[in-house]
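A short worksheet on the structure shown next.
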Amino acid sequence: MPPEATGIAPRASDEGPVRFAEPWHAQVLAIANGLAEAGLFSRSDWAAALGAALRRAEAAGGPDDDATYYAAALAALEGLVAERSPEAGGSLEGRVEAWRRAYLRTPHGKPVELSAGLEADDADEDVSLRGA
Amino acid sequence: MSGHDSHTIAHIHEELHSHLPPEPALRVKALESLLVEKGMLDPATVDAWIEVFTEEIGPKRGAAVVARAWTDPDFKARLLADGTAAITELGFDGWAGGHLKVVENTPDVHNLIVCTLCSCYPHSVLGIPPNWYKTAAYRARAVRDPRGVLAEFGEDVPESVAIRVWDSTAELRYMVLPERPAGTEGWDAAELADLVTRNAMIGTARDLTPGKGEAG
């Protein structure tokens with residue numbers, strides 16, 4: 001099935017080829033597309049969830065731009081995953097923190113591996129890396 | 001396969017390894033790794049999607065469909081009767097379970113497409129929707145004030161022309177078949193396709209007269 005089969009596609013620049021402002025903008029929709037292809041939810045489910053997230057963002061007064069749109073897409077994706085797979089949804093926050101630790105513990109320029117962040121450590125002292 | 005924007009893909013990957021990402025990027029990374037680990041997501045489909053959409057598939061496909069319809073009346077009849085089936089004649093896949101409906105502009109009717117819910121769009125023929133298509137302003141005003149929206153796009157549609165607005169869904173997408181402009185008699189399909197703009201197939205442009213759009 002070609003990627004466009006699920007009908008999930010990015011916002012684009014008005015002219016020329018697509019330029020994602022942030023890499024995660026591309027990834028959030030690519031993941032949504034992959035889950036739709038895998039059957040976790042349908043195109044209609046995705047459209048409904050994204051539409052609802054966009055309405056919430058509008059109601060909250062968010063600017064009508066890419067940042068608001070992709071934040072809504074992420075919220076919609078997280079919501080659908082949690083709804084369809086409570087196990088995956090329930091593991092997400094822990095996984096976010098594990099990746100955060102992995103990034104902070106990995107020296108700049110080295111590949112970041114999840115294994116580096118799996119063990120919690122209150123003595124994370126790598127704050128200096130943020131400014132490196 | 002050729003022409004992948006491998007630099008863009010490499011950049012996307014590189015970005016994720018260079019420093020602590022912003023919070024939403026971290027969440028996406030976590031979600032992806034979790035889903036892949038649980039066997040719920042095939043990472044190859046994620047990469048394939050990024051490749052396709054950083055390459056931009058459209059709207060040249062849609063322009064080829066329009067040019068063919070302008071030069072082949074039988075194809076045009078099939079296109080208007082069943083857009084999903086007709087575009088397969090040009091080698092363009094529809095998408096499973098979704099349908100394409102092509103709506104024709106005439107001297108008396110102008111068509112405009114929108115997705116009031118979110119961002120449904122005929123990707124298989126038009127590629128990537130422009131930013132404005134997904135804005136709340138367009139989604140709301142295309143229905144409430146289509147003539148005003150068209151004026152902002154530089155199209156002053158006379159009151160004598162009826163404007164029809166088509167609201168796309170995940171299951172049914174629309175594409176506008178613009179009017180073939182005067183002065184293009186004898187042009188071949190390739191020359192005609194070069195005249196057809198994405199906005200004309202969305203309906204935010206109407207007049208494709210050669211040279212008209214180049215000034216603005």
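The values are calculated or read from the model by the stated rules, or taken from the named source; none is laboratory data. Source: prediction; values computed, not measured. Please note: Cβ atoms are built from the backbone with ideal geometry, for glycine as well, and neighbour counts cover all protein chains shown.
Here is the figure for the stretch A:84-132: residues that are of a type in the set (S, T, N, Q) and modelled with pLDDT of 90 or more total 2. Could you tell me whether B:Glu179 is closer than 18 Å to B:Arg68 by Cα and part of a loop (DSSP other than H, G, I, E, B)? When the stated conditions are applied, B:Glu179 passes them. Please find, within the stretch B:77-105, the residue that is nearest to B:Arg206 (Cα to Cα) out of those that are crowded, with 19+ Cβ neighbours inside 10 Å and at pLDDT 95 or above. Among those that are crowded, with 19+ Cβ neighbours inside 10 Å and at pLDDT 95 or above, it is B:Asn105.
Of all positions in the stretch A:54-64, none carries a residue that is without any contact (Cβ under 8 Å) to a residue 24 or more places away in the chain and touching a Gly at 6+ places or on another chain (Cβ under 8 Å).
Within the stretch A:31-69, being in contact with a helix residue (DSSP H, G or I) (Cβ under 6 Å, 6 or more places away or on another chain) and over 26 Å from B:His99 (Cα atoms) holds for A:Ala57, A:Glu58, A:Gly62, A:Asp64, A:Thr68.
Restricting the stretch B:158-190 to residues that are exposed (fewer than 14 other Cβ atoms within 10 Å of the Cβ) and without any contact (Cβ under 8 Å) to a residue 60 or more places away in the chain, the residue that is nearest to B:Lys134 (Cα to Cα) is B:Ala162.
Test A:Gly61 against the stated conditions and say whether it is over 11 Å from the mean Cα position of the chain (by Cα) and in a loop (DSSP other than H, G, I, E, B).
Answer is yes for this residue.
Scanning the stretch B:114-122 finds one or more residues that are more than 9 Å from every other protein chain (Cβ to nearest Cβ) and among the hydrophobic types (A, V, I, L, M, F, W, C). Hey, could you check the stretch B:148-157 for residues that are among the acidic types (Asp, Glu) and surrounded by fewer than 17 Cβ atoms within 10 Å (Cβ to Cβ) and say which is farthest from the chain's Cα centre (by Cα)? Among those residues, the one meeting the criterion is B:Asp156.
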